[in-house]
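What follows is a short report on a single structure.
The values are calculated or read from the model by the stated rules, or taken from the named source; none is laboratory data. Not measured: the values here are computed from a predicted model. Quick reminder, even Gly has a Cβ in these numbers, built from the backbone with ideal geometry, and neighbours come from all protein chains shown. What goes into the accessible areas is simple: the full protein's heavy atoms, side chains included, and nothing from ligands, DNA or RNA. Shrake-Rupley method; radii C 1.70, N 1.55, O 1.52, S 1.80 Å.
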Amino acid sequence: MNKRLKTISLMLVVMILSLALAACSSSSTGSNSGVNVGIVLPTKDEPRWVQDEQRFKDALANSEYTTEILFSQGSSGKEKENVETLINKGIKVLIISPQDGDAAGSAVEAAKKEGITVISYDRLITNTDAVDYYVTFDSVAVGAAQGQYLIDNVQGTNVPLYLYAGAASDNNAFLFFEGAWSVLQPKIADGTFKIANSSEAIALKDTAELTRDQMSKILGQVTTNWDPNEAKNKAQTHLTAAAADMKGNVAVLAPNDGTARSIADVFASDSEITSYAITGQDAEKASIQYIIDGKQSMTVFKDVRTLVQDAMGMAVDILDGKTPVTTGSYNNGNTEVKAKQTDVIVLNEDNVKKELIDSGYYEASEFTGLK
Ligand code: BGC
């Protein structure tokens, strides 16, 4: 064989080998490789969801069923792809926390068509009938606890109130805001608080119960999109625009821990802010440290171990041919979705140790200055 021919035949062998390999790998993901339960979570970029992954792994360590966890990284496109991958792996149950409640509809409709049972996890998938069950915390109670904390921890009247909210693509953002508004509104109406950063909220200050459209208007002005950076930029803009009478001792409704920490940093660095009370949720480790250090006032602890247990318990019931136990239902805009709901616990510096360390949720060594 001359040198040229040798090179060409070598190239051919390489090509044939790589084609064969490609065929192998696509068939191994394409065929039923025996996953029973598929789990899709919104993003690895927020500690909240990494925590859910860990709690699922802990809970599944001794399970006889096989599971696979995929992250959607804030993209509904990636989420759809993840669901398709899991469908191709033969899942019977899909546990999914949507990136965007409406956009996830088409992904779960594809799953339903294959006879898969769909469990919405923490966030409700909206405006589709392709959701069978919903496992969730009491999200209205989360918002009410945040609002009540502010009421209980300010003094005097005319306290400037800065409102922030979650992403409008997440149904929970509305539930949290609804809960907060239900307790704050009477205290805005009676002059305890004055709203500092939303003309839409000011226009609605005498309306006790807001419609979804009314809440959308407020969210349009004060959403963080669940993004700490966006929260920080908004807080900076609001404080730059605020008149002197909107500074001093203030109250801040922050929707979760990630956004609370970045908003708190902005308020802490403004010399005209004398003190601030600020809410949060998720009991993220970094926020527990902020609470110990007096930089964040409270958080709402949602014990993810319970949510994971409920979701997996439901999945196992379904795999075993039993009907899962539910405790109520949520309307998702299209249908009543049977739901199992879990309570939440309000944390401040006085009870973090009892609720988080003594209960084995976190280790004391993960914090400094814990009393
Ligand atoms: C969850 C929160 C979380 C937020 C941002 C909400 O749907 O309930 O726990 O902080 O999304 O990811």
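A compact table of results
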quantity: Every pair of residues 6+ apart whose Cβ atoms lie under 6 Å, when the first sits in region 132-152 and is more than 29 Å from G105 (Cβ to Cβ) and in the same structural domain as Y330 (by TED's automatic domain parsing) while the second is more than 13 Å from the ligand (Cβ to nearest atom) and assigned to a strand (DSSP E or B); calculated: none
quantity: Scan of region 187-241 for residues that are open to solvent by less than 30 Å² (accessible area, probe 1.4 Å) and of a type in the set (S, T, Y), ordered by number; calculated: T192, S198, T223, T224
quantity: Criterion (on the phi < 0 side of the Ramachandran plot, loosely packed, with under 15 Cβ neighbours inside 10 Å and within 20 Å of the chain's Cα centre (by Cα)) met by exactly one of S287, S271, S329, S359; calculated: S329
quantity: Scan of region 290-314 for residues that are over 17 Å from the mean Cα position of the chain (by Cα) and surrounded by fewer than 19 Cβ atoms within 10 Å (Cβ to Cβ), ordered by number; calculated: I292, D293, G294, K295, Q309, G313
quantity: The lone exception for V337 - which of (1) assigned by TED's automatic domain parsing to the domain that holds R261; (2) open to solvent by less than 30 Å² (accessible area, probe 1.4 Å) it fails; calculated: (1)
quantity: So S26, is it away from the ligand (no atom under 16 Å from the Cβ), farther than 21 Å from T117 by Cβ and either touching a Cys at 6+ places or on another chain (Cβ under 9 Å) or modelled with pLDDT under 90 (or both); calculated: yes
quantity: Contacts under 6 angstrom Cβ, first residue in region 275-291 being among the acidic types (D, E), partner modelled with pLDDT of 95 or more and not in a helix (DSSP H, G or I), 6 or more apart; calculated: D282/N256
quantity: Where I125 falls short, out of the listed (1) in contact (Cβ under 8 Å) with a residue 40 or more places away in the chain; (2) more than 14 Å from the ligand (Cβ to nearest atom); (3) in contact with an Asp or Glu (Cβ under 9 Å, 6 or more places away or on another chain); calculated: (2)
quantity: Which numbered condition D265 misses (of (1) on the phi > 0 side of the Ramachandran plot; (2) out of contact with any Gly (no Cβ under 8 Å at 6 or more places or on another chain)); calculated: (1)
quantity: Options V40, V83: the member that is in a helix (DSSP H, G or I) and either more than 16 Å from the ligand (Cβ to nearest atom) or at pLDDT 90 or above (or both); calculated: V83
quantity: Subset of region 142-163 (residues that are surrounded by 19 or more Cβ atoms within 10 Å (Cβ to Cβ) and of a type in the set (G, A, S)); calculated: G143, A144, A145, G147
quantity: Residue list for region 250-280, filter: part of a loop (DSSP other than H, G, I, E, B) and more than 15 Å from the ligand (Cβ to nearest atom); calculated: S269, D270, S271, E272
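So that you can scan it fast, the table gives a plain yes or no per residue for (1) within 29 Å of P324 (Cα to Cα); (2) within 16 Å of the ligand (Cβ to nearest atom); (3) at pLDDT 95 or above; (4) surrounded by fewer than 16 Cβ atoms within 10 Å (Cβ to Cβ):
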| site | (1), (2), (3), (4) |
| --- | --- |
| N32 | yes, no, no, yes |
| E46 | no, yes, yes, no |
| A59 | yes, no, no, no |
| N62 | yes, no, no, yes |
| G77 | no, no, yes, yes |
| S97 | yes, yes, yes, no |
